[in-house]
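Asks: Input: one structure, supplied below.
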Amino acid sequence: MSDLQNPLLQYLARLMPSSRTTMQYVLQDAADRLGFDDADIRDVPWHLLEPGHVTSLVAALREDGYAPNTTSLYVNAVRGVMNEAWRLSLIDQDHLLKIRSVKPMQGTRLGNGRNLKRSLIRDLMEVCASDPRPQGLRDAAVIAILYGSGMRKSESVNLDLTQVDFSERSLRVVGKGNKELIKYAPSWAFTHLETWLAFRRSQLPAGQADDGFLFNRIRRGAHITRERITKYAIYYIARQRGAQVGVKIMPHDFRRSFITRVIEEHDLSIAQKLAHHTNIQTTAAYDMRDDNERRRAVDRFDL
């Protein structure tokens, strides 16, 4: 089967690079569970899958304790490939509808994320400031932009200098669904960003132009490469700096904390606009205010 007639490759080609990596992993695991563990996912005859295969996949994921939203990810990945199979005339519409009729596991789970208080953000900044290596300045800028604007890690690694308006303190990013969005960040976040960029420029040999992106990969020995940072490096920065202050931090915690703080200090509708969520219920799910605050709200209901 040529690449142009391969539904898997056509499906992956439609995805953003960050989503493509995730879906490749999901589809490889799905193929393994469906009995194609010795095959490259490009060679799996996806168009021959029946509804029973998808039902079995959902059952296996449930048996292994996967969360409902994870099973939805698997089912949506398979549906995406089957949509391409239909578009390529490898299956008919009736077959596609039967595949799409199989539902993922229903339900929700409490999130594992945390709300990073302002005092903890200050601690993280102090840890970065005490690091004499270039990583200290870069990591402070990364954390400041993630927390200060609420953007996703995949959006931050793809940022170019041309997408930043320093006078307006805005950043133009390409978000989920290939949507171009404007993010805003406070002045202190831009101060950290400008400090990092000024240092980076000062390390360049005379006559060499600055890099077109914001954040560089830094190798051991404090060598600033001319390569763009990856989202895996963002993950490492969050875990490493979190460990230095005694807290386990995931990159998405910065976005969760940004949205929670906007809800606290303004309201849900403003948070929805700044998070660029289509559905306000998605924004509400980011509310990470702790149990003590909820208890205080209930305690106010006197007789």
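Asks: Of a type outside the set (Phe, Trp, Tyr), exposed (fewer than 15 other Cβ atoms within 10 Å of the Cβ), over 27 Å from Glu265 (Cα atoms) and in contact with a strand residue (DSSP E or B) (Cβ under 8 Å, 6 or more places away or on another chain): is that true of Arg138 in this structure?
Replies: On the way: of a type outside the set (Phe, Trp, Tyr): yes; exposed (fewer than 15 other Cβ atoms within 10 Å of the Cβ): no; over 27 Å from Glu265 (Cα atoms): yes; in contact with a strand residue (DSSP E or B) (Cβ under 8 Å, 6 or more places away or on another chain): yes.
So Arg138 fails the test.
Asks: Given Met105, Met151, Met125, which one is part of a helix (DSSP H, G or I) and either in contact with a Ser or Thr (Cβ under 8 Å, 6 or more places away or on another chain) or surrounded by 15 or more Cβ atoms within 10 Å (Cβ to Cβ) (or both)?
Replies: Met125
Asks: What are the residues in segment 209-225 that are under 25 Å from Arg169 (Cβ atoms), surrounded by 13 or more Cβ atoms within 10 Å (Cβ to Cβ) and free of Cβ contacts under 8 Å to residues at least 60 places away in the same chain, if any?
Replies: Result: Asp211, Phe213.
Asks: Which of the residues that make up segment 50-75 are loosely packed, with under 14 Cβ neighbours inside 10 Å, without any contact (Cβ under 8 Å) to a residue 12 or more places away in the chain, outside any loop (DSSP other than H, G, I, E, B) and not small (Gly, Ala, Ser)?
Replies: Glu63, the sole residue that qualifies.
Each row is one residue, and each column tells you yes or no for (1) in the same structural domain as Glu180 (by TED's automatic domain parsing); (2) among the aliphatic types (A, V, I, L, M); (3) out of contact with any Asp or Glu (no Cβ under 7 Å at 6 or more places or on another chain); (4) closer than 30 Å to Asn158 by Cα.
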{"site": "Gln10", "(1), (2), (3), (4)": "no, no, no, yes"}
{"site": "Ser19", "(1), (2), (3), (4)": "no, no, yes, yes"}
{"site": "Ser56", "(1), (2), (3), (4)": "no, no, yes, no"}
{"site": "Ser89", "(1), (2), (3), (4)": "no, no, yes, no"}
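Asks: Among the listed residues Arg241, Arg201, Arg217, which satisfies the condition of being in a helix (DSSP H, G or I), of a type in the set (Lys, Arg) and over 29 Å from Asn115 (Cβ atoms)?
Replies: Arg201
Asks: Which residue is farthest from Arg152 (Cα to Cα), if the candidates are limited to segment 248-303 and must be hydrophobic (A, V, I, L, M, F, W, C), in contact with a Gly (Cβ under 7 Å, 6 or more places away or on another chain) and modelled with pLDDT of 90 or more?
Replies: It comes out as Ile249.
Results for (1) surrounded by 10 or more Cβ atoms within 10 Å (Cβ to Cβ); (2) assigned by TED's automatic domain parsing to the domain that holds Thr21; (3) in a strand (DSSP E or B); (4) of a type in the set (A, V, I, L, M, F, W, C), shown as yes or no for each residue.
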position	(1), (2), (3), (4)
Arg172	yes, no, yes, no
Ala189	yes, no, no, yes
Gly207	no, no, no, no
Glu227	yes, no, yes, no
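Asks: So Asp123 ticks every box in (1) touching a residue at least 40 places away in the same chain (Cβ under 8 Å); (2) over 29 Å from Tyr235 (Cβ atoms) but one. Which box is left unticked?
Replies: Among (1) touching a residue at least 40 places away in the same chain (Cβ under 8 Å); (2) over 29 Å from Tyr235 (Cβ atoms), Asp123 violates only (2).
Asks: (1) of a type outside the set (Val, Ile, Thr); (2) at pLDDT 95 or above; (3) surrounded by fewer than 17 Cβ atoms within 10 Å (Cβ to Cβ); (4) closer than 25 Å to Arg261 by Cα: which one isn't true of Lys176, the others all being true?
Replies: Of everything listed in (1) of a type outside the set (Val, Ile, Thr); (2) at pLDDT 95 or above; (3) surrounded by fewer than 17 Cβ atoms within 10 Å (Cβ to Cβ); (4) closer than 25 Å to Arg261 by Cα, Lys176 misses just condition (2).
The values are calculated or read from the model by the stated rules, or taken from the named source; none is laboratory data. Note that the coordinates shown come from a computational prediction; the quantities given were computed from them, not determined experimentally. Positions of Cβ are backbone-derived with ideal geometry, glycine not excepted, and every protein chain shown enters the neighbour counts.
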